Amino acid sequence: MKLQGTAKVNEAGHLTIGGCDAVELVQKHGSPLYVMDETFLREKCKAYYDAFSASGAGEVIYASKAFMNMAMCRVIEQEGLGLDVVSGGELYTARRAGFPMEKVYFHGNNKTDSELKQAIEYGIGHIVVDNHYEMDRLNALAEQAGTTVNVLLRITPGIECHTHEFIRTGQIDSKFGFPLPTGQAMEAVKAVVSCSNLKYDGLHCHIGSQIFELESFRFAAEVMMNFIEEIQKQTGAVTTVLNLGGGFGIRYTEADEPADINDYARTVLSTVQSEAEKRNLTVPRVVVEPGRSIAGPVGTTLYTVGSVKEIHGVRKYVAVDGGMNDNPRPALYGSRYEAMLANKATEANEEVVSITGKCCESGDMLIWDVSLPKVKSGDILAVSSTGAYNYTMSMNYNRIGRPAVVFVRDGQSAVVVERESYDDLIRNDRIPPYLQR
Ligand SMILES: *Cc1c(COP(=O)(O)O)cnc(C)c1O
């Protein structure tokens, strides 16, 4: 496992993150535990801010579905980024954290009336309209509220990316957005400019996730700029915002080679700039929505090893006290992770084992075939790059409570989400009168 961010190994031979000994973190906060390296998180935010926002050409909106809670909203706000939310729950969390609503974008392919009303009431910056049903209702709700809502239109540009098909959203056979190649996107622009209570600001596209080829982003920017020219010709509408979504890839295993954020920024900003000049258009403000590439590398999950089972001649199963409950990605997508023993960080790898969880489900595997030092019950296993789509995708299957989340920094740890207790698990259970005794 490659040490990232502030991760180091101390004199005791233990992994440390943010100056905190991983073994002590588990003693103090329990196991499993999500550990977020706050210094590294802020570095990631700053790298995005400097690359896109500092020049005034762009704006960075953190995709909160990757990892969200009220403390995270505070950090994102302090680092000068905006927020992309996809549900009333995320929007509510942002609001309760006091996040500036004008910097929030609301996404989703099936926003409910109550979510749209909530967004209008909060005075949200932008709503990214996904379909005609939403456009009509949003216009009506804005009219009822006596206000005008700034909107972007979500466009499906028809670009295929080299990534897992479950997380590929740019091709036209997608549940998201108005398809561009079929002419439906242009129809949508014509419809939105005639809506009395919607203000057309621009377009959005998101071509997928965990993308490594900068060429995909360059191509998306080019396709969208071509469309912006067509819009201006056919409707006269000026597009002031071009939101190119998220999707920038990260390192999960040593085989992953993500590009540099500065190269990514240069690629999209220069493409938009040169395409605008070529077509004689006003240069739109470029918005990007990184989620995984901000939160992902920053997180490490710590587990305690329990049973170790060797099937002679087949494999050795090492079971930890978490699993698909706190990280469903291997089960959902076949995602690969790397790991180390946090209490044996200086010991050489000695055996190849497979890490399994504690769920009653044979698909509950965290890592197949990982090299580790000799593993014993009670060891602390650290799995890296779990900051994105782990905590936010976690679940209570088998009535297992979600782990706590801590931020670590300069030798201090702070709980930002409490561990779920058994009482939390039964909090919404009700025994109806006819079942009472
Ligand atoms: C998921 C998503 C993102 C973030 O994607 P990452 O791969 O985490 O960077 C951004 N925008 C939209 C619309 C999304 O659905």
Lys and Arg at +1, Asp and Glu at -1: add these up for the other residues within a Cβ distance under 9 Å of N325 and post the number. 0
Could you tell me how many degrees, from 0 to 90 and to the nearest 10, lie between the Cα long axis of helix 214-235 and the main elongation axis, the longest principal axis, of the Cα atoms of the chain? 20
In what sequence, highest mean first, do 415-427, 193-205 appear when ranked by Cβ atoms within 10 angstrom? 193-205, 415-427
Taking θ = phi - 60°, what integer Hz values does the Karplus form 6.51 cos²θ - 1.76 cosθ + 1.60 yield along region 414-430, in sequence order, with x for Gly and Pro? 9, 6, 10, 9, 5, 5, 6, 8, 4, 5, 4, 5, 9, 4, 9, 6, 9
Rank these for me by crowding, E215, E11, E115, going from fewest to most other beta carbons within 10 Å. E11, E215, E115
Evaluate the Kirkwood expression for the hydrodynamic radius of the chain, namely the inverse of the mean inverse distance over all pairs of different C-alpha atoms, and round to one decimal in Å. 23.1
With the label point 7 Å along the Cα-to-beta-carbon line of A348 and a cut-off under 20 Å to each amide N, the hits in region 355-395 are 370-376
Which whole-number percent gives the relative contact order of region 311-428, counting Cα pairs below 8 Å spaced six or more residues apart? 26
Using +1 at the C-beta of Lys and Arg and -1 at the C-beta of Asp and Glu, which of V26, N349, N10 has the Cα lying farthest in the positive direction of the dipole of the chain? V26
With x for Gly and Pro, the residue-by-residue ³J(HN,Hα) of region 381-386, computed from phi through the Karplus equation 6.51 cos²θ - 1.76 cosθ + 1.60 at θ = phi - 60° and given in whole Hz, is 9, 10, 10, 8, 6, 9
log10 I(q)/I(0) for region 285-397, Debye formula on C-alpha points only (no solvent), q = 0.11, 0.14, 0.19 Å⁻¹, two decimals, reads -0.36, -0.56, -0.97
In nm, what is the difference between 0.36 nm times the number of residues separating V9 and T240 and their Cα-Cα distance? 78.3 nm
Dipole magnitude of region 38-294 about its Cα centre, charges +1 at Lys/Arg Cβ and -1 at Asp/Glu Cβ only, in debye to the nearest 20? 520
Toy charge model, Lys and Arg Cβ at +1, Asp and Glu Cβ at -1: the chain dipole around Cα centroid in debye, rounded to 20, equals 680
For region 240-257, take each phi angle, set θ = phi - 60°, evaluate the Karplus expression 6.51 cos²θ - 1.76 cosθ + 1.60, and give the result in whole Hz per residue in order, putting x for glycine and proline. 9, 10, 10, 9, 9, x, x, x, 5, x, 10, 8, 9, 10, 4, 6, 7, 10
With +1 assigned to the C-beta of every Lys and Arg and -1 to the C-beta of every Asp and Glu, and no other charges, what is the dipole magnitude of region 1-116 about the Cα centre in debye, to the nearest 20? 80
Taking amide H positions as placed in the peptide plane 1.01 Å from N, state which residues far from T386 in sequence (5 or more) or on other chains have amide H under 5 Å from it. G299, T300, T301
In the structure shown, of K2/K46; K2/K344; K8/K374; K2/K316, the pairs separated by more than 19 angstrom at the C-alpha atoms are K2/K46; K8/K374; K2/K316
Quick one: angle between helix 132-144 and the longest Cα principal axis of the chain, in degrees between 0 and 90, rounded to 10, please. 70
Mean residue ellipticity (222 nm) of the chain, computed from DSSP H runs ≥ 4 via -39,500 (n - 2.57), nearest 500: -8500 deg cm²/dmol
Hey, what did region 38-294 get for relative contact order, percent, Cα under 8 Å, at least 6 apart? 20
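A short reminder: the numbers here are calculations on the coordinates, not readings from a lab. What you are looking at is a predicted structure, and each value in this text was computed from that prediction instead of being measured. Ideal geometry is used to build each Cβ from the backbone, glycine not excepted, and the neighbour counts take in all protein chains shown.
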